[in-house]
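Peer 1: Take this structure, written in structure tokens, and hold onto it; I'll ask about it next.
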């Protein structure tokens with residue numbers, strides 16, 4: 001067995017599609033390789049089952065997939081390959097954890113962009129020097145793990161940003177790094193960054209300045225803004241915020257509008273670079289005097305604080321809402337996104353600390369201000385389009401693409417009043433091309449009767465998925481054995497739409513948990529990347545989420561709320577699952593896209609995903625827009641012959657009732673057959689034909705009715721009109 005660990009970004013994504021009965025072997029193998037080849041101490045972590053933690057807390061677990069499955073936790077971490085083998089034999093679906101610190105000779109910097117970790121890292125590199133290239137993993141939650149050699153001096157852990165800053169944690173002695181290819185609670189897997197696994201790059205040493213910062217840092221006070229130091233220049237972008245904070249503090253002590261204008265004008269002239277126009281300073285001064293009372297009651301203090309928070313952090317209230325899902329929503333410059341409650345409370349706390357105040361306790365003022373924010377910003381209508389129809393817009397990184405009734409896009413500047421929740425991190429450039437992607441599509445569909453038409457259909461599907469309207473109910477099924485391009489195309493769809501708009505999960509989990517449906521809010525695409533062989537599809541759930549339909553979301557610790565599903569379910573299948581529902585409503589949704597070519601040897605390019613995502617996403621956007629324009633003009637999809645044929649074949653295998661009727665029955669409107677005799681004949685026929693998932697009598701009767709054969713009551717029980725058994 002090779003000691004190389006093959007989980008680079010692209011190899012990991014290919015591995016995701018393997019059948020689930022091979023996952024446990026892969027995790028066990030990787031854990032042994034980490035131990036044997038790199039002397040890393042590994043420990044099994046609780047895995048995920050249908051999106052829930054495998055521990056006893058299940059869906060209530062706050063650290064799903066991130067805590068040890070062994071009784072002694074990190075103390076059980078070992079590099080003994082036999083012990084590792086035994087550990088994963090006991091915990092077959094366990095995620096892989098690597099003990100950090102002296103146990104493995106590594107220290108890990110955990111960058112969390114949700115807590116401003118990327119911005120903090122940039123500031124740290126400016127102050128301490130750029131970090132060297134080293135082993136790097138992309139976490140399932142969108143963060144990064146940078147792995148470095150453990151230095152000659154002890155490094156303490158930090159999970160609160162007290163040493164290096166917000167969003168940058170230190171994993172050292174007694175901590176665990178969840179390692180690829182473990183699965184995150186989001187459904188995504190941890191992956192090695194391209195070319196940066198333990199096998200492709202050496203673990204680097206931390207620069208001296210970084211070690212000194214990590215070793216000598218004193219426990220920091222909470223990171224709060226301080227008043228500007230004398231002679232420090234306030235640059236464009238911070239001038240309004242700084243003057244508003246100063247004015248709020250002066251107003252607290254009773255400063256009039258005239259006093260505020262004089263004080264802020266003097267500061268503006270001396271320290272703002274370039275100074276604001278006097279009219280702008282005057283507007284700030286008189287705005288503060290008008291909005292903030294010079295009162296002494298707790299209620300006045302909370303109301304003043306609410307206004308100051310909105311002015312300083314949320315454009316006077318233009319960039320913050322309190323939604324019907326009982327969450328704050330924040331506009332960061334391009335789109336609206338949920339804001340964690342603690343993050344909002346942090347902005348309140350920063351504002352409190354920046355101005356003088358009375359004796360009121362900080363915690364009570366934070367809570368009162370938060371309550372006032374919820375009341376003031378609560379939505380009475382539906383601007384975020386939870387239930388109402390959203391505009392046909394594709395929100396790109398350089399503007400909003402508004403699509404007219406003819407399917408033609410027009411670029412507009414980002415605007416908070418567009419109330420867009422979706423966003424794709426792709427630049428709209430109408431001249432961009434994508435030759436590699438165009439060629440790859442032809443090669444993937446090269447075994448079909450009409451590769452060019454199949455490529456056009458895929459462009460139309462991608463265009464439809466990018467925008468939020470769901471005028472055409474559909475359930476695309478990508479069918480074919482492994483190494484055929486299914487995974488590449490779904491990974492490219494995910495890259496195009498962005499991880500925040502894609503939910504990857506077992507389709508069964510949507511039916512298993514009452515909390516799962518709420519996870520579809522804001523998602524344009526739902527992917528089950530490995531439907532189990534022989535599985536019975538949950539047709540009721542699939543029908544629900546495949547069209548614009550109101551559903552109820554139920555957060556684990558919040559109030560239920562209603563929204564309209566806009567997530568197209570895409571299922572990747574190596575084998576044909578069974579389907580109990582043959583109704584017209586289901587049949588009109590099913591679209592089976594065949595992937596007949598198998599890429600082997602030199603035909604495979606493991607770097608193709610990276611090449612396309614790094615250089616051709618704007619071109620893919622253009623192809624998809626043209627595809628959507630064709631769809632609008634045609635007023636619907638028109639599947640090419642290979643798809644129509646594959647769909648018909650799939651339906652015959654997924655539900656054999658039509659084939660049974662053709663082979664074993666006589667169609668005659670004047671005849672009938674007793675249900676008992678017909679069902680017994682069906683069971684014998686299905687067994688001989690090799691169908692392992694036989695339908696129960698109720699499903700059998702319902703599907704006969706979908707084929708227009710009516711069930712009626714007779715003196716011997718139910719009878720089916722229009723059919724008789726062949727003699």
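Peer 1: For region 683-727 and region 236-289, write down the distance between their C-alpha centroids in whole Å.
Peer 2: With region 683-727 and region 236-289 each reduced to a Cα centre, they are spaced 81 Å.
Peer 1: Could you list 454, 517 in order of exposure, starting from the residue whose Cβ has the fewest other Cβ atoms within 10 Å? Before the final figure, lay out the partial values.
Peer 2: On the way: 454 25, 517 19.
Lowest count first: 517, 454.
Peer 1: Still on this structure, I have one more. Modelled label-to-label distance, residue 381 and residue 671, 7 Å Cα→beta-carbon offset: nm?
Peer 2: 6.4 nm
Peer 1: How many times 2.2 N^0.38 Å is the alpha carbon radius of gyration of region 421-557?
Peer 2: Working: Rg = 16.3 Å, N = 137, 2.2 N^0.38 = 14.3 Å.
Its radius of gyration relative to the 2.2 N^0.38 Å reference: 1.14.
Peer 1: Now, a different point. Normalising by the residue count of region 435-650, find the relative contact order in percent from Cα pairs under 8 Å and 6+ residues apart.
Peer 2: On the way: 363 pairs, mean separation 72.4, N = 216.
For region 435-650, the relative contact order is 34 percent.
Peer 1: Also, I was wondering about something else. Please work out the Cα center distance from region 396-464 to region 119-146, rounded to the nearest Å.
Peer 2: 32 Å
Peer 1: Right, another one. Fully extended, how many nm does the chain gain between residue 154 and residue 82 (0.36 nm per residue separation, minus their Cα-Cα distance)?
Peer 2: Working: separation 72, 0.36 × 72 = 25.92 nm, distance 3.00 nm.
Length gained, residue 154 through residue 82: 22.9 nm.
Peer 1: Hey, another quick one. Taking 8 Å as the Cα distance limit and 6 or more residues as the minimum spacing, I'd like the relative contact order of region 447-573 as a percentage. Walk me through the numbers on the way to the answer.
Peer 2: Values: 190 pairs, mean separation 40.5, N = 127.
The normalised contact order for region 447-573 reaches 32 percent.
Peer 1: OK, next. Rounded to the nearest 5, what % of the DSSP beta bridges within the chain are antiparallel ones? It would help to have the intermediate numbers written out before the result.
Peer 2: On the way: 60 of 80 bridges.
For the chain, the DSSP antiparallel bridge percentage is about 75.
Peer 1: What angle do you read, to the nearest 10 degrees and between 0 and 90, between the alpha-carbon axis of helix 675-689 and the longest principal axis of the chain?
Peer 2: Roughly 80 degrees, rounded to the nearest 10.
Peer 1: For region 103-182, what does the alpha-carbon gyration tensor say about shape, rounded, prolate or oblate, given a ≥ b ≥ c as the root eigenvalues, a/c under 1.5 as rounded, and a/b over b/c as prolate?
Peer 2: Details: a/c = 1.41, a/b = 1.10, b/c = 1.28.
Because its axes are fairly even, with a/c under 1.5, region 103-182 counts as rounded.
Peer 1: Something else: Only helical DSSP H runs with n ≥ 4 go in: add -39500 (n - 2.57) per run for the chain, normalise by residue count and round the 222 nm mean residue ellipticity to 500 deg cm²/dmol. Walk me through the numbers on the way to the answer.
Peer 2: Values: 23 runs with 270 residues, N = 727.
Value at 222 nm, helices only: -11500 deg cm²/dmol.
Peer 1: Can you work out the FRET efficiency for the pair residue 697 and residue 511, with r the C-beta to C-beta distance and R0 = 25 Å, to the nearest 0.05?
Peer 2: Result of the calculation: an efficiency of 0.65.
Peer 1: Hey, another quick one. Equivalent-ellipsoid semi-axes (√(5λ), Cα gyration tensor) for region 435-650, whole Å, largest first? Before the final figure, lay out the partial values.
Peer 2: On the way: eigenvalues 149, 77, 63 Å².
Square roots of five times the eigenvalues give 27, 20, 18 Å.
Peer 1: Given R₀ = 51 Å, FRET efficiency for residue 689-residue 238 by Cβ-Cβ distance, to 0.05? Walk me through the intermediate numbers first.
Peer 2: Working: r = 73 Å, r/R0 = 1.44.
Efficiency, rounded to the nearest 0.05: 0.10.
Peer 1: By how many degrees, 0 to 90 and rounded to 10, does the Cα axis of helix 117-128 deviate from the longest principal axis of the chain?
Peer 2: Approximately 50 degrees, to the nearest ten.
Peer 1: If you average over every viewing direction, what projected area does the convex hull of the Cα atoms of the chain give, in nm²?
Peer 2: Over all viewing directions, the chain projects a mean Cα-hull area of 38.8 nm².
Peer 1: Find the relative contact order for the chain and round it to a whole percent, using C-alpha pairs within less than 8 Å whose residues are 6+ positions apart.
Peer 2: Numbers: 1331 pairs, mean separation 73.6, N = 727.
For the chain, the relative contact order is 10 percent.
Peer 1: If you project the alpha carbons of region 656-725 onto their three principal axes, what span does each projection cover, largest first, in Å?
Peer 2: 32, 20, 19
Peer 1: Mind checking the log10 I(q)/I(0) for region 234-377 at q = 0.11 Å⁻¹? Debye, one equal scatterer per Cα, no solvent, two decimals.
Peer 2: -0.41
Peer 1: For helix 278-291, report the angle its Cα long axis makes with the longest principal axis of the Cα atoms of the chain; keep it between 0 and 90° and round to the nearest 10°.
Peer 2: The answer is roughly 80 degrees.
Peer 1: Moving on to the next point. Given points 7 Å out from each Cα along the Cα-Cβ axis, report the residue 273 to residue 123 separation in nanometres with one decimal.
Peer 2: In this crude label model, residue 273 to residue 123 measures out at 1.9 nm.
Quick note: the coordinates plus some simple rules give every number you see, no bench work behind them. What you see is a predicted model, and the numbers here were worked out from it, not measured in a lab. Using ideal geometry, Cβ is built from the backbone for each residue, glycine included, and neighbour counts are taken over all protein chains shown.
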